[in-house]
1. Nearest 0.05, what FRET efficiency do A:GLU42 and A:ASN113 give at R0 = 35 Å with Cβ-Cβ as r?
2. Other chains' Cβ within 10 Å of A:49-61 residues: what's the mean?
3. Projecting each Cα onto the charge dipole of region B:251-353 (Lys/Arg +1, Asp/Glu -1 at the beta carbon, about the Cα centre), which of B:GLN273, B:CYS353, B:ASN301 comes out farthest on the positive side?
4. Once amide H atoms are built 1.01 Å from N in the peptide plane, which residues 5 or more positions from B:THR337, or in another chain, come under 5 Å H to H?
5. From the square roots a ≥ b ≥ c of the eigenvalues of the alpha-carbon gyration tensor of region B:56-138, which class results: rounded (a/c under 1.5), prolate (a/b over b/c), or oblate?
6. Output the DSSP H helices from chain B with an along-axis C-alpha extent of no less than 15 Å and a mean Kyte-Doolittle hydropathy no less than -1.0.
7. Could you pull out the pairs from B:LYS81/B:LYS269; A:LYS5/A:LYS60; B:LYS180/B:LYS202 whose alpha carbons sit more than 18 Å apart here?
8. Can you pull the mean other chain C-beta count within 10 Å for peptide B:28-38?
Amino acid sequence: MSEVKFSKEHEWITLEGDVATIGITKHATEMLGDIVFAELPEKGSNVEKDGTAGVVESTKAASDVYTPVSGEVVDTNQSIVDDPAKINEDPEGGAWFFKLKIKDQSEMDSLMNKEEYDKFAKETSS
Amino acid sequence: MEIKKTSLNKLHQSNNAKFVEFAGYEMPIQYSKGIIEEHKFTRSNSGIFDVSHMGQLFIYGDETLTEELEKIFPLDLKNLKQNCSKYSFLMNEDAGIYDDLIITKIEEGYLIILNAACKDKDFEILSNLLGSKFKMNLDNNRSLIAIQGPKSVEILNSIINGVDQLSFMTGNWFDSDNQKLFVTRSGYTGEDGFEISISNDKAEKFVENLIEKGAQLIGLGARDTLRLEAGLCLYGHELDINKTPVEANLRWAISKSRLSNGGFIGSKKIMNQMQDGASQIRVGIKPEGRLIAREKTKIFNHTDKQIGEITSGTFGPSVNGPIAMGYVDKEFSKVDTKILLEVRGKKHPANVCALPFYKKNYVKGVN
């Protein structure tokens, strides 16, 4: 599996072959607070880089989930829809959002590595 | 304008509060445990709420004060016993609501608790209505602390002996730590609890004492989910100048004895609406599934006609599901009516339901 990459919209992404797994970062869940609702893209649909691909809602507000790369949705994680609290518990592990069959691996190039993202998250939240 | 801070601001900070601006005040939205934990702790134990941003208006005068206030509020104040409280409204001539409030008869006058965002305007309106005959004091030297939840009575009584003898919606002065506190058995969470009016310089120590006895600080986020589960209105959401108490389904708060003769501001409109019904009315709404319908969500019937709008919507931690309140056309206000909520461009099924979403645990009578 590839190195974990991060977007400025606080998504993480890993790549295995041409299938990417995408979720939201721990930092994002800390900003959102208790997550109580998740909506995922439909299997078989196509999503475009930086487009919306889902929604999460905390007790406070709704936020869009964006996709950091383009591709076809090949799988979604129903368990976070059934129990959204899992997203707070294990955001960068078991609580992934969706998997994409990606078209253009070069879309990954502009994303941040862990060190860059941690710095970005720290700067933007203070 | 500089943001205002309550006397508990430092204590909030040292308890890792996340702050938001609310009605010009820097207020804690939540602490480190988060809204759901804070909500559940209040329901099962005892939560402390800093509500010092709310207005504490003391009005003093002779019996003519009662007469003058009856021209303003739809209450039977002449027969209100000392130390008893009533929920009421400040209205305009069209029965539009300037503010909702709690009024308590105290020795030689009244104490009125006002919403933070409305208190200065309320003071101006009441000053104009009452003239200069009565002493009015919107007291900024006092803090207001609410303690809510089933263990609150035991905790508070261990600090202020005798509060356990108060019944719901009554209050009294108590002596504690060489000062006079006004304590009412009331609150806005659907739980048994108290509100304590205390001088600013004593507030921090008092709250630290409550924490030592096992209560925990709770932010405005959980206050909102708690009041919504209890089916209680929040000014600026369910209530505003374009809504009347009848439309808000709060006719219980209007004293029956005042309805025959009127004589309070807005009474004509209220009496008409009581007779003919209002065209829109506030209801409880439960979306099906887990969907959350926030404020301003449009409500439709099954033939695609808009029939209303959501005024508050969130996830209810004790109900363990989404809950909302809103206004719908009268013919759709019956419990179990099927409605549709438009969220992110799609219409989702929901049901009109009875309020509250969560059953109250108020202590009605002690003796």
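Read the figures in this text as sums done on the coordinates, not as results from a lab. From a predicted model like this one, the values you see are computed outputs, not experimental measurements. Don't worry about glycine lacking a Cβ; one is built from the backbone with ideal geometry, like all the others, and counts go over all protein chains shown.
1. Numbers: r = 31 Å, r/R0 = 0.88.
It comes out at approximately 0.70.
2. Numbers: counts 0, 0, 0, 1, 0, 0, 3, 0, 8, 7, 16, 10, 3.
Averaged over the peptide's residues, the number is 4.
3. B:GLN273
4. B:VAL352
5. Working: a/c = 1.37, a/b = 1.26, b/c = 1.09.
Cα axes put region B:56-138 in the rounded bin.
6. B:119-130, B:200-212
7. Values: B:LYS81/B:LYS269 28 Å; A:LYS5/A:LYS60 28 Å; B:LYS180/B:LYS202 11 Å.
Cα-Cα > 18 Å for B:LYS81/B:LYS269; A:LYS5/A:LYS60; rest within.
8. Rounded to a whole number, the mean comes out at 3.
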